[in-house]
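Working notes, structure below.
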Amino acid sequence: MFDPEEIRKDFPALSRLVNNKKIVYFDNAASTQKPIQVIRVMQEFYEKHYANVHRGLHTLSQEASKMYEEAHEILAKFINAYSWREIIFVSNTTEAINTIAYGWGLWNLNEGDEIVITVMDHHSNMLPWRIIAQIKRAKVKYIDITDEGYLKYDQLAELVTGKTKVVAFPIASNVLGTINDARKIVKIAHEVGAIVVADGAQSVPHMSTNVRELGVDFLAFSGHKMLGPTGSGVLWGKEDILEDVKPFKVGGDTIIDVTLDSIVWHELPWRFEAGTPNIAEGVGLAEAAKYLMKIGMENIREHEIELVRYTLKRFEELGGEIEYYGPRNPIDKTGVLAFNVKGLNHHTVGAALDMFGIAVRTGMHCAHPLHRRLGLEGTVRASYYLYNTFEEIDYFIESLEKIILLKKSLSGPPTEIICTGT
Ligand SMILES: Cc1ncc(COP(=O)(O)O)c(C=O)c1O
């Protein structure tokens, strides 16, 4: 049975105090806490099996190689890939998207080609496309959003034309939480022969992912947002399309042979994992995927839907003091809630919540164009995961009530905070 109280016991960080209060960790869209299983497996790997992979004939290198390769297999199972060879380990979503933007874009885009992305994209799925478009003299077009934070699908058919070579979008927004209709986007993009790149940073950790059903050509996600270590992430691509992508980072381990005038690239996925990879992080990520599979992604998704439903209901009890952004139907979104307290700067609210031991993120969450589109200078973002509870939400609402009561004394000029969040 799914029991967040039992799950919490696996997460040492959740038992600490912050500002003398039990921590309430609502910053999961930025990065999640780690279960003891992941921490232990990495410690054991360093204590007993550590060596560089691929190169050695000696026992430690073989053990490390086996664990690292098996980690690819586990991740393939996690997203139902056709083969573990489609799983490329990268440091994070940002690296995954850059790998495609440059590895595919440099060789396949031409002047006048078009790339369609969305106004709700995180900078990591926006800037690589904008820069490659600049280099190749291609054009970037944006799908807009409705007032409630859904993509304007009716624009898709106009924006995607015979010139479109790439359509890239987030499966879930890191600010609005909106879950986008991948199949609808894929259908229109594939009709004109464009490749489809999905940013799964905010979806893969929170719902069951089946790349065969999604139908996209590439999927990027980060390990640190799904209980895994920092420095771990995945770029998944369909094998036949990956064969058309040239490695963007090249060097050691990417080749089978090199002469002074020829290169024979290594087989998949190694040709894309240049240099010594993040080995322990790969092993840790696999342990995180195993942990999530054991709990059940459907259970996690259901739990988050109920947490969102409950929060939106409780927001309404705050006398119209909360401005909330994004879909109101919990089924249409992940456990990410962006809001503002009327009359208070988002950073002020975030700092005040920290005094209550509540960790949220404030700023533009690496989605400046989206905030500009919404006419906002920033938002407070609470984002949930499997270990969050209804009691924590009650405490969060009580704390917001206290902040609202103190509004007058808090509403001076906000402290300047440069960081714009992730
Ligand atoms: C939707 C989305 N895409 C991409 C990223 C970038 O992830 P990373 O920092 O792990 O590369 C994030 C991080 O918050 C995100 O939310």
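The values are calculated or read from the model by the stated rules, or taken from the named source; none is laboratory data. Everything numeric in this text was worked out from a predicted model, so none of it was measured. Positions of Cβ are generated from backbone atoms using ideal geometry, with glycine treated the same way; all protein chains shown enter the neighbour counts.
Within region 352-377, the only residue that satisfies the criterion of being closer than 15 Å to Val24 by Cβ, out of contact with any strand residue (DSSP E or B) (no Cβ under 6 Å at 6 or more places or on another chain) and either of a type in the set (Gly, Ala, Ser) or at pLDDT below 95 (or both) is Ala352.
Given the structure, is Ala157 away from the ligand (no atom under 16 Å from the Cβ) and modelled with pLDDT under 95?
Here the answer is yes, as Ala157 does meet what is asked.
Residue-by-condition table, conditions (1) touching an Asp or Glu at 6+ places or on another chain (Cβ under 7 Å); (2) among the acidic types (Asp, Glu); (3) farther than 22 Å from Val336 by Cβ; (4) crowded, with 23+ Cβ neighbours inside 10 Å:
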site	(1), (2), (3), (4)
Val90	no, no, yes, yes
Thr93	yes, no, no, yes
Ala101	no, no, yes, yes
Leu106	no, no, yes, no
Gly112	no, no, yes, no
Lys139	yes, no, yes, no
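Determine, yes or no, whether Gly149 is touching a strand residue (DSSP E or B) at 6+ places or on another chain (Cβ under 6 Å) and in a loop (DSSP other than H, G, I, E, B). Answer is yes for this residue. Every condition in (1) surrounded by 14 or more Cβ atoms within 10 Å (Cβ to Cβ); (2) assigned to a loop (DSSP other than H, G, I, E, B); (3) outside the structural domain of Ile100 (by TED's automatic domain parsing) holds for Pro277 except the one numbered (3). The residue of region 354-392 that is farthest from the ligand (Cβ to nearest atom), among those that are out of contact with any Asp or Glu (no Cβ under 9 Å at 6 or more places or on another chain) and under 14 Å from Thr311 (Cβ atoms), is Glu391. Look at region 12-32: where a residue is without any contact (Cβ under 8 Å) to a residue 40 or more places away in the chain and over 10 Å from Asp354 (Cβ atoms) and a partner is away from the ligand (no atom under 16 Å from the Cβ) and part of a loop (DSSP other than H, G, I, E, B), sitting 6+ places away or on another chain with Cβ atoms under 7 Å, you get Arg16/Ile23.
Hey, which of the helices (runs of 4 or more DSSP H) in region 353-414, taking only ones fully inside, have at least 2 residues that are aromatic (Phe, Trp, Tyr)?
Values: elements: 368-374, 390-405, 407-410.
Passing ranges, in order: 390-405.
From the list Ile39, Ile7, the lone residue that is buried (at least 19 other Cβ atoms within 10 Å of the Cβ) and modelled with pLDDT of 95 or more is Ile7.
In summary, Ile185 fulfils each of the numbered conditions (1) touching an Asp or Glu at 6+ places or on another chain (Cβ under 8 Å); (2) crowded, with 18+ Cβ neighbours inside 10 Å; (3) of a type in the set (Val, Ile, Thr) with the single exception of condition (1). Look at region 381-394: where a residue is surrounded by 21 or more Cβ atoms within 10 Å (Cβ to Cβ) and a partner is small (Gly, Ala, Ser) and not in a loop (DSSP other than H, G, I, E, B), sitting 6+ places away or on another chain with Cβ atoms under 8 Å, you get Arg381/Ala338. Of the residues making up region 77-118, those that are in a loop (DSSP other than H, G, I, E, B) and within 13 Å of the ligand (Cβ to nearest atom) number 2. Gly200 fulfils the conditions (1) more than 26 Å from Leu376 (Cα to Cα); (2) buried (at least 24 other Cβ atoms within 10 Å of the Cβ) except for a single criterion, (1).
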